[in-house]
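Report on one structure; see the data block that follows.
The values are calculated or read from the model by the stated rules, or taken from the named source; none is laboratory data. Note that the coordinates shown come from a computational prediction; the quantities given were computed from them, not determined experimentally. Here Cβ is always computed from backbone atoms with ideal geometry, including for glycine, and neighbour counts include all displayed protein chains. For the accessible areas, the whole protein counts, side chains as well, though only heavy atoms, and no ligand, DNA or RNA atoms are used. Shrake-Rupley method; radii C 1.70, N 1.55, O 1.52, S 1.80 Å.
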Amino acid sequence: MTTEAARNSHPIYFIGAFATGGLLTFMVHLNGELARYGNPLFSSWTAHGTGIIAAVILLLVVHRRRTPRLEKAPNAPWWAYLGGISGAATVILTSTAVNSPLGLSGTLALGLAGQVAFSVSADSWGLFGLPKRRPDTRDIAALGLVAMGAALIILFGRGAA
């Protein structure tokens, strides 16, 4: 997406992304609570088990409404199937980190910094079928600001007494 296209996007996309961030925070908190009372593996199994149940219910509802398509959908690339592994690792690692001195805000701040760093790298190297895009000054500045924000939350957060 070009910068111009991003500026002219419908506001619902920005609202959806912001809401997703809130849901992610809520999910990390709940997974951390599950890990605190059980362990990180239990947290991951529970999160993915409830996700499977929700997906099956959604598929049953959607399947009844859709008309069958005759053309065959293209096959997904092999690496698309690795999302479950990274999802399980994410739940386990965040569940562990939330229950450490990092807390919820430190875990999410570092997670956001990691997401931005990996995204800039993926754009730069053209990973996952993305078009190669050389990082510009704004990309590096955004990464630096997110990393500095994470450092501020971790080092000076929690109302140091």
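Does residue 108 count as among the hydrophobic types (A, V, I, L, M, F, W, C), part of a helix (DSSP H, G or I), in contact with a Ser or Thr (Cβ under 8 Å, 6 or more places away or on another chain) and surrounded by 16 or more Cβ atoms within 10 Å (Cβ to Cβ)?
Yes.
Every residue, every condition in (1) within 16 Å of residue 107 (Cα to Cα); (2) surrounded by 10 or more Cβ atoms within 10 Å (Cβ to Cβ); (3) of a type in the set (Val, Ile, Thr), yes or no:
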| site | (1), (2), (3) |
| --- | --- |
| 33 | yes, yes, no |
| 54 | no, yes, no |
| 57 | no, yes, yes |
| 63 | no, no, no |
| 72 | no, no, no |
| 85 | no, no, yes |
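Of the residues 20, 46, which single one is assigned to a helix (DSSP H, G or I) and open to solvent by 70 Å² or more (accessible area, probe 1.4 Å)?
That would be 20, the only listed residue that is assigned to a helix (DSSP H, G or I) and open to solvent by 70 Å² or more (accessible area, probe 1.4 Å).
Mind listing whichever residues of segment 123-143 are open to solvent by 80 Å² or more (accessible area, probe 1.4 Å) and either assigned to a helix (DSSP H, G or I) or hydroxyl-bearing (Ser, Thr, Tyr) (or both)?
Of the residues in segment 123-143, the ones open to solvent by 80 Å² or more (accessible area, probe 1.4 Å) are 125, 128, 131-134, 137-138, 140.
Hits for segment 123-143 are 125, 128, 137, 138, 140.
Under 6 Å between Cβ atoms, at least 6 apart or on separate chains: pull out the pairs that start in segment 36-51 with a residue that is in contact (Cβ under 8 Å) with a residue 12 or more places away in the chain and end on any residue that is open to solvent by 40 Å² or more (accessible area, probe 1.4 Å).
If the second residue must be open to solvent by 40 Å² or more (accessible area, probe 1.4 Å), the pairs left are 36/99; 40/92; 40/96; 43/34; 44/92; 46/34.
Going residue by residue through segment 83-99, is there one that turns out to be more than 21 Å from the chain's Cα centre (by Cα) and not small (Gly, Ala, Ser)?
No, because not a single residue in segment 83-99 is more than 21 Å from the chain's Cα centre (by Cα) and not small (Gly, Ala, Ser).
Within segment 49-76, which residues are at pLDDT below 75 and in a helix (DSSP H, G or I)?
64, 65
Looking at segment 90-101 only, could you name the residues that are closer than 18 Å to residue 50 by Cβ and open to solvent by 40 Å² or more (accessible area, probe 1.4 Å)?
Correct list: 90, 92.
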